[in-house]
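Accompanying notes for the structure given below.
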Amino acid sequence: MSTLLEVRHVSRSFHTTTAVDDISFAVQPGELLGLIGPNGAGKSTLFNLIAGVLPPSAGQILFDGKPVTGWKSHDIARIGIARTFQIPKPYRQLSVVENVMLSAFLREKSLAGARKLAETTLADVGLADYSGAPANSLTVGLLKRLEVARALAMRPKLVLFDEIMAGLTPTEVGVMTGFVAGLPARGITVIWVEHVLYAIMKTATRMVVINRGKLIAEGAPAVMARDPAVVKAYLGEEMVLA
Amino acid sequence: MSIAIPASISSRRIPVLPKRGQISWFEIVLLVISLGLVVSGIAPSLQDVILLSFLFAGLGLAWNIAGGYAGLISFGHSAFFGVGAYTSTILLLRYDISPWIGIWVGALIAAVFGSILALICARLRGPFFILSTLAFAEVVRIGALNWSSLTGGPEGLSIPPMASLAGMVFASKATYAALMLGYLVFVYGITKGLEASRFGYYLFAIRDNDDAASAAGVNPLLGRTAAMALSAALTGVGGSLFAQYFLYLDPTYVISPELSFQFALLPAVGGLGTAIGPVLGSFLITPLSELLRSHLGNAAAGLHLVIYSFGLIVVMLYFPAGLAGALNKLTRWKPFS
Ligand SMILES: Nc1ncnc2c1ncn2[C@@H]1O[C@H](COP(=O)(O)OP(=O)(O)OP(=O)(O)O)[C@@H](O)[C@H]1O
Ligand SMILES: [Mg+2]
């Protein structure tokens, strides 16, 4: 199969800090790629570069073999890349289902069609009961799920999840992990940033570890858990994967 | 992972006030009363106030498309009003083109002005955006004042008061009232259509969160520009109708911060981002402002503005969702539950 996403020597600096420093990696269709690293490592910035929120200072990004470097966020969305925001960004004055409809419009042009797709997606992430509630009445945990629903209602080829577990209870983490693990089988490739390590290490098919803007290791979760560089930069001690 | 919450607010709502994209009996009753006021011809002394209430309701609705739905709070809309009024009047006086056609030309040119404003202010938000709209209208006003060969400069323009259907000049105020009501219904219809359309949802999204809208494939700049253009065009139509009623264009009034402020005030009082809001706002504020204007007279020019600015502050503090929001609360209140 051909590469879905290719990031080639991508960098991004803000004034004096280099948040993303010459990072390269590729993602194949059907992968569930875990992206980890300490706070401030540059994970969200990397997502913003892929999603077109920011242009890279250097490097290239290819999606489906096509160069998309510097494309605007809404054009990136239309070619099949969806993302969630680490800090949820709901449409506060709209209801939960309307929030999701706006993503569904990418695939369903009619209001009725978009509503149907939105309702199905809400049921998928366990938000069906909140469909009519105003988005500004949701707790942070529920807003994270709304982010997931909005991304998936776009029927993307690739989805970027940025810390969708933060603020969830252990039970909810379990359910959500199972849900994310099932996405590749539905034809959705995933890049997943998470600090809840036991969840992501158990689920990811491959991991990329970054630290201070640089890619420091790449490989299977079990290997990453024992990699000296990863242990030193992030884990603190070797992790035993159950 | 589902946790039950109390029945959502929207499902508890009693459908007295219009729901987005639907017509309620409340709106029908309002329309019937308005039609009654026009047809019965009662209270000739009130006809001025009634027809101005219709006109300004339409103008408030037009403003609301940008300000309420797309979140583009503009204090420069009198520029579009003026562009519409001047265009149809100049076409009539110079080229003998009927206002029935001139109105649409005015709307088109106002839309161009609106697009320009939206593009100029593309990166501005909050107070910076508002101040820029104010400055934009000021530039247009100064332009109109100085381009005397076209606009008549400070003297303004007068339309000959000869009643004719083709010239859109009428002898009876009832006819004007019908015209203004027609305008109101027209803009109301467009607003309701917007609420029930994908484009309307795009505007809500852009208003509530730019980044999220963009991530969902919505082009925020395109949406903003289209909303401002539509809002400007409809405001321009109102300007032309105003010119056809007063038969005189005073450049210091038709493009002025005072007028721009009034357009914004009506939806703010009635309920921002709702269709019924600007109508309720105008039905309350327009008569009040006419009353204050005639009672305070020229001795205290502008004092009426102070008085209802004060009213606006009260509304914002106690009824942040406007009259529509307050009424909604009332209809949700159940005495025996
Ligand atoms: N818009 C911006 N302007 C200036 N600096 C920024 C900007 N965005 C990110 N940074 C900086 O870039 C670095 C990387 O931040 P980023 O948010 O990508 O980290 P992260 O890996 O997502 O961290 P976390 O795990 O805490 O979410 C940080 O030093 C941050 O302060
Ligand atoms: Mg982050």
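Before moving on, here are some points about what is shown:
- Any hit, segment A:146-160, residues being more than 7 Å from every other protein chain (Cβ to nearest Cβ), at positive phi and within 16 Å of ligand 2 (Cβ to nearest atom): no
- Within segment B:113-222, helices (runs of 4 or more DSSP H) holding 3 or more residues that are under 28 Å from B:S98 (Cα atoms): B:126-146, B:148-151, B:173-195
- Scanning segment A:33-71 for residues that are away from ligand 2 (no atom under 13 Å from the Cβ), polar (S, T, N, Q) and in a loop (DSSP other than H, G, I, E, B) yields A:S57, A:T69.
- Only one of B:F54, B:F113 that is closer than 19 Å to B:A137 by Cα and in contact with a Phe, Trp or Tyr (Cβ under 8 Å, 6 or more places away or on another chain): B:F113
- Taking segment A:110-137 as the range and being within 21 Å of B:I206 (Cβ to Cβ) and at the interface with chain B (Cβ under 10 Å from one of its Cβ atoms) as the test, the residues that pass are A:S110, A:L111, A:A114, A:P134, A:A135, A:N136.
- Residue in segment B:135-151 that is among the basic types (K, R) and either farther than 18 Å from B:F81 by Cα or within 14 Å of chain A (Cβ to nearest Cβ) (or both) present: no
- Number of residues in segment B:215-233 that are at the interface with chain A (Cβ under 9 Å from one of its Cβ atoms) and surrounded by 24 or more Cβ atoms within 10 Å (Cβ to Cβ): the value is 3.
- Flag if A:K72 is farther than 24 Å from A:V10 by Cα, without any contact (Cβ under 8 Å) to a residue 40 or more places away in the chain and within 10 Å of chain B (Cβ to nearest Cβ): no
- Enumeration of residues in segment A:75-84 that are within 7 Å of another protein chain (Cβ to nearest Cβ) and within 16 Å of ligand 1 (Cβ to nearest atom): A:R83
- A:A166 being out of contact with any helix residue (DSSP H, G or I) (no Cβ under 8 Å at 6 or more places or on another chain), at pLDDT below 95 and more than 14 Å from chain B (Cβ to nearest Cβ): no
- Unique match (being on the phi > 0 side of the Ramachandran plot and surrounded by 18 or more Cβ atoms within 10 Å (Cβ to Cβ)) among A:G187, A:G219, A:G213: A:G213
- Scanning segment A:170-184 for residues that are away from chain B (no Cβ under 11 Å) and surrounded by fewer than 15 Cβ atoms within 10 Å (Cβ to Cβ) yields A:P170, A:G182.
- Set A:R8, A:R107, A:R83: member being charged (D, E, K, R) and more than 27 Å from B:R207 (Cβ to Cβ): A:R8
The values are calculated or read from the model by the stated rules, or taken from the named source; none is laboratory data. Please read these numbers as outputs of a predicted model, since none were measured by experiment. Reconstructed Cβ throughout: ideal geometry from the backbone, glycine too, with neighbour counts over all protein chains shown.
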